[in-house]
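Data block below; observations after.
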Amino acid sequence: MQFLPGAPELLAAIAALLGDKVLPVVPDELQHHVRVAAHLAALLEREARLGPAAAALERERLMALLGADADDPAGALAARLRAGEDIEFERSAWDVLVELTRQDLAIAKPGHDAYEGT
């Protein structure tokens with residue numbers, strides 16, 4: 001049986017190669033480009049690995065918050081928040097939005113998803 005790496009493994013390998021092997025040997029004027037390429041490969045790796053679960057969690061949390069199935073849960077949430085008629089709903093929505101933002105940050109900016117500031 002042959003091992004066939006998936007997209008996350010391939011992207012992680014590209015990011016590591018660019019950051020660890022290529023960056024130190026390219027001319028100074030190209031180093032920024034190599035850093036960007038390594039960062040983008042790492043970002044795509046995290047998206048491939050974490051994105052499907054994050055999307056499923058988002059849909060689940062928004063459906064539970066809204067109490068109904070909606071074709072556009074994010075749009076339905078925005079409309080309900082804009083109406084500003086239910087302070088308890090807004091408090092619940094805040095908790096859900098913080099949780100979903102942490103999921104997004106775990107993909108886009110790891111480490112920032114643990115921030116506990118005010």
Pair list, Cβ < 6 Å and 6+ apart or interchain, from region 52-79 residues that are of a type in the set (Val, Ile, Thr) to residues that are surrounded by 10 or more Cβ atoms within 10 Å (Cβ to Cβ): none
Please go through region 47-68 and pick out each residue that is among the basic types (Lys, Arg) and more than 12 Å from the chain's Cα centre (by Cα). Arg59, Arg61
Answer residue from region 61-92, given it is surrounded by 12 or more Cβ atoms within 10 Å (Cβ to Cβ) and not hydrophobic (A, V, I, L, M, F, W, C) and is nearest to Gly6 (Cα to Cα) among those: Arg61
All but one of (1) under 20 Å from the mean Cα position of the chain (by Cα); (2) more than 28 Å from Gly111 (Cα to Cα); (3) modelled with pLDDT of 95 or more hold for Pro27; which doesn't? (1)
Any residue that is touching a residue at least 40 places away in the same chain (Cβ under 8 Å) and within 23 Å of the chain's Cα centre (by Cα) - is there at least one of those in region 37-46? yes
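Residue-wise test of (1) at pLDDT 95 or above; (2) in contact with a Leu (Cβ under 6 Å, 6 or more places away or on another chain); (3) assigned to a helix (DSSP H, G or I); (4) of a type in the set (Phe, Trp, Tyr).
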site	(1), (2), (3), (4)
Leu23	yes, no, yes, no
Leu65	no, no, yes, no
Ala78	no, no, yes, no
Asp113	no, yes, yes, no
Glu116	no, no, no, no
Looking at Ala56, is it part of a helix (DSSP H, G or I), under 30 Å from Gly75 (Cβ atoms) and either out of contact with any His (no Cβ under 7 Å at 6 or more places or on another chain) or hydrophobic (A, V, I, L, M, F, W, C) (or both)? yes
For region 69-86, check the following and say yes or no: at least one residue is within 22 Å of Pro8 (Cβ to Cβ) and within 22 Å of the chain's Cα centre (by Cα). no
Every residue from region 100-114 that is without any contact (Cβ under 8 Å) to a residue 40 or more places away in the chain and either charged (D, E, K, R) or surrounded by 11 or more Cβ atoms within 10 Å (Cβ to Cβ) (or both): Thr101, Arg102, Leu105, Lys109, His112, Asp113
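The values are calculated or read from the model by the stated rules, or taken from the named source; none is laboratory data. Because the structure is a prediction, the values reported are computed rather than measured. Cβ atoms come from the backbone with ideal geometry, glycine included; neighbour counts cover every protein chain shown.
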